[in-house]
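Visitor: Mind looking over this structure? Questions follow.
The values are calculated or read from the model by the stated rules, or taken from the named source; none is laboratory data. Remember, it's a predicted structure, so these values are computed and weren't measured experimentally. Note that each Cβ is placed from the backbone with ideal geometry, even for glycine, and that neighbours are counted across all protein chains shown.
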């Protein structure tokens with residue numbers, strides 16, 4: 001009988017690709033949704049990429065509610081806890097993100113330890129391993145970001161606190177459940193559906209000519225397909241137990257991303273901006289655009305990091321960033337999202 005893996009946030013961007021990867025490898029998958037009204041679209045999106053939607057089942061469990069988690073975890077061999085709230089119109093309110101991120105993670109872990117689940121892999125963020133702003137230190141898995149740093153936006157603070165809470169919880173347990181955390185950088189790649197685009201909205205914005213110019217911002221790019229594969233490897237590798245892994249590929253400035261899109265897509269990317277925006281203008285736009293608000297503290301910065309540990313221990317081999325960005329844009333265009 002195939003092993004059963006629970007994936008939280010089954011309609012999400014990263015979770016969807018994790019489900020695809022698990023199904024391709026012969027696992028039975030159970031995915032959580034906040035409402036079964038999304039089941040049909042989530043199943044169709046996954047089936048199109050995996051070649052089949054079986055064996056895939058869905059159940060209702062919400063990060064903000066205790067109900068449903070024991071039933072969701074029952075009979076599962078492992079868990080990929082991918083679900084987490086994203087910033088947006090409520091991103092100025094830290095508690096709007098903190099409660100479901102931190103408390104939701106603890107709900108998953110309590111249910112997992114109670115059921116004796118062997119391995120839980122939690123999706124954190126590369127920001128959780130970032131040194132203080134102004135530091136020249138390289139981010140690696142030994143570094144813990146300070147969630148009280150005023151430069152952090154509520155989303156990244158919530159990811160730091162949620163991961164810290166997960167490790168503190170596991171440290172106090174005596175059962176068989178092992179924890180691994182994955183810390184991805186900016187996640188791009190082909191979308192499976194029109195929902196929960198996450199950081200892909202940056203590419204969507206460029207294809208729509210927004211913002212009107214290119215901020216002096218850069219990203220460590222990781223492909224969602226490589227990230228999903230890394231999650232599954234973290235489930236099965238004995239060496240992954242009790243470890244954190246940063247997942248990042250190449251670093252690109254926004255100007256380089258725009259150039260890549262225009263070169264590959266031609267006339268279909270004619271609305272992608274080419275001119276640069278001064279930092280002062282970006283900070284003004286950030287008052288109105290939540291995506292820029294989250295990133296304005298990083299103007300002109302390369303936050304150095306390393307994913308050597310993931311490469312060495314789990315065989316992480318990210319594909320070229322250009323491939324990721326073009327595949328991402330192509331999928332958005334194909335779905336009429338750009």
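Visitor: What do you reckon, is residue 3 modelled with pLDDT under 90 and on the phi < 0 side of the Ramachandran plot?
Guide: So residue 3 does not fit the description; no.
Visitor: Take residue 86 and decide whether it is under 15 Å from residue 9 (Cβ atoms), within 16 Å of the chain's Cα centre (by Cα) and modelled with pLDDT under 95.
Guide: Yes; evaluated as a whole, the condition is true for this residue.
Conditions tested, residue by residue: (1) in contact with a strand residue (DSSP E or B) (Cβ under 9 Å, 6 or more places away or on another chain); (2) surrounded by fewer than 19 Cβ atoms within 10 Å (Cβ to Cβ); (3) closer than 22 Å to residue 123 by Cα; (4) in contact (Cβ under 8 Å) with a residue 40 or more places away in the chain.
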position: 206; (1), (2), (3), (4): yes, no, no, yes
position: 215; (1), (2), (3), (4): yes, no, no, yes
position: 219; (1), (2), (3), (4): yes, no, yes, no
position: 230; (1), (2), (3), (4): yes, no, yes, yes
position: 247; (1), (2), (3), (4): yes, no, yes, yes
position: 252; (1), (2), (3), (4): yes, no, no, yes
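Visitor: Pick from 299, 284, 295, 261: which is over 18 Å from the mean Cα position of the chain (by Cα), surrounded by 19 or more Cβ atoms within 10 Å (Cβ to Cβ) and either more than 23 Å from residue 25 (Cα to Cα) or free of Cβ contacts under 8 Å to residues at least 24 places away in the same chain (or both)?
Guide: 261
Visitor: On the basis of being within 30 Å of residue 332 (Cα to Cα) and buried (at least 18 other Cβ atoms within 10 Å of the Cβ), does residue 26 make the cut?
Guide: No.
Visitor: Within the stretch 138-151, restricting attention to residues that are out of contact with any strand residue (DSSP E or B) (no Cβ under 6 Å at 6 or more places or on another chain) and in contact (Cβ under 8 Å) with a residue 40 or more places away in the chain, which residue is nearest to residue 70 (Cα to Cα)?
Guide: For the stretch 138-151, the residue satisfying everything is 140.
Visitor: Those residues that are assigned to a loop (DSSP other than H, G, I, E, B), surrounded by 15 or more Cβ atoms within 10 Å (Cβ to Cβ) and in contact (Cβ under 8 Å) with a residue 40 or more places away in the chain, I need them from the stretch 106-132; list them, please.
Guide: 117, 118, 124, 125, 130
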